[in-house]
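First the structure, in the form of C-alpha cells, and then the observations on it.
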Amino acid sequence: MALIQPDRKLLLRAQRGDEQAFAELVKMYETPVFDYIRRLLPDRTLAEDLTQEVFLSVYQGLPRFAGRCQFTSWLFQVTRHRVLDELRSTRRRPRCEALDTAPEFASRDTPPEERQAMAALWRAVADLKLELKMPLLLRDIVGLSYAEIADALELEVTTVKWRIYRAREVVSEMLESQGHAFGATAADERRGPAAVPRPAAPAFTSP
C-alpha cells in the first residue's frame, strides 16, 4: 500500500508551529518510520529511540522544508541520515549484545511452516548490503514510489529500480539455497530491472 502524502493545509499548519498539526503528522508516519528503522537496526528499544529523534529533527526542520520533493521523501531522507549516523557511531563503540535483537516475523497464530518461511525471508533481507536493503524496504515495507525513494536516497530513479531488482534477486537466491520457494525465482526475475517484479508470496510484508 502506497504511503499517502499529508494534507497540504495540515503540513502548512505544522510548519507554522501548530503542535496539534505536528502530532497528527507523527501519528500518520511514526509506524512506517519505526518499521523501516527496525529492519535496519533491529534492536526494538534503539529503533524506538531513533524514531523519536527522527521526529524531533523533522519538527526542527519543518519551517525550512521548501517542498522541492514530496514530504515522505524528505521524511525518509531525515530517517536515513539518522540511521547512518547511528551505524557510524556503532562501529566506533565496543559491541554488546542487545536484549531484543530481532523483529518478530509473524504472529503466534501463524502456522509453524509459514513462520519458518517468514523467518527465513527476513533473515535473507537482513543479510543484504545496506545499499540494497534501504531501497527495498522503502518500496516493500514503507510503500514509497520509485521517484519518492530516489529523492529519499538521493539517487537516480534508474539506480533505485536496479537496486530493488537486485535485492529481490539476491533474496530469492538465498531462499532457494535454503529450500524455500515463494513462487518467483531468481531465474524468473532475470528479465531485467525495468519491471522489477516482486516475489509472488509472501512478498516483503511487515508482520
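Couple of notes before you dig in:
- Any chance residue 33 is farther than 21 Å from residue 134 by Cα, among the β-branched types (Val, Ile, Thr) and in a helix (DSSP H, G or I): no
- Criterion: surrounded by 21 or more Cβ atoms within 10 Å (Cβ to Cβ) and either among the small types (Gly, Ala, Ser) or farther than 21 Å from residue 16 by Cβ (or both) - qualifying residue of 80, 44, 39: 39
- Leading residue by the ranking (surrounded by the most Cβ atoms within 10 Å (Cβ to Cβ)) among those in the stretch 54-73 that are out of contact with any Asp or Glu (no Cβ under 9 Å at 6 or more places or on another chain), more than 12 Å from residue 26 (Cβ to Cβ) and touching a residue at least 24 places away in the same chain (Cβ under 8 Å): 71
- Within the stretch 54-77, the set of residues being among the hydroxyl-bearing types (Ser, Thr, Tyr) and under 20 Å from residue 19 (Cα atoms) comprises 57, 59, 72.
- Pairs meeting the criteria (first residue in the stretch 146-159 and closer than 14 Å to residue 131 by Cβ, second residue part of a helix (DSSP H, G or I) and at pLDDT 95 or above, beta carbons under 6 Å, at least 6 apart or on different chains) are 149/135; 149/138; 149/160; 150/157; 150/160; 152/73; 152/76; 152/77.
Residues are listed down the side, and each one gets a yes or a no for (1) modelled with pLDDT of 95 or more; (2) of a type in the set (A, V, I, L, M); (3) in contact with a Lys or Arg (Cβ under 9 Å, 6 or more places away or on another chain):
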{"site": "155", "(1), (2), (3)": "yes, yes, yes"}
{"site": "162", "(1), (2), (3)": "yes, no, no"}
{"site": "165", "(1), (2), (3)": "yes, no, no"}
{"site": "186", "(1), (2), (3)": "no, yes, yes"}
{"site": "196", "(1), (2), (3)": "no, yes, yes"}
{"site": "201", "(1), (2), (3)": "no, yes, no"}
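- Residues of the stretch 112-145 that turn out to be in a loop (DSSP other than H, G, I, E, B), surrounded by 14 or more Cβ atoms within 10 Å (Cβ to Cβ) and either among the acidic types (Asp, Glu) or in contact (Cβ under 8 Å) with a residue 60 or more places away in the chain (or both), as a count: 3
- Pair list, Cβ under 8 Å, 6 or more apart: the stretch 20-32 residue surrounded by fewer than 19 Cβ atoms within 10 Å (Cβ to Cβ), other residue small (Gly, Ala, Ser): 24/14
- Some residue of the stretch 30-42 being touching a Phe, Trp or Tyr at 6+ places or on another chain (Cβ under 7 Å) and hydrophobic (A, V, I, L, M, F, W, C): no
- Test: residue in the stretch 87-102 that is modelled with pLDDT of 90 or more, surrounded by 15 or more Cβ atoms within 10 Å (Cβ to Cβ) and outside any loop (DSSP other than H, G, I, E, B): no
The values are calculated or read from the model by the stated rules, or taken from the named source; none is laboratory data. Note that this is a predicted model, so its numbers are computed, not measured. Virtual Cβ from ideal backbone geometry, glycine too; neighbours counted across all protein chains shown.
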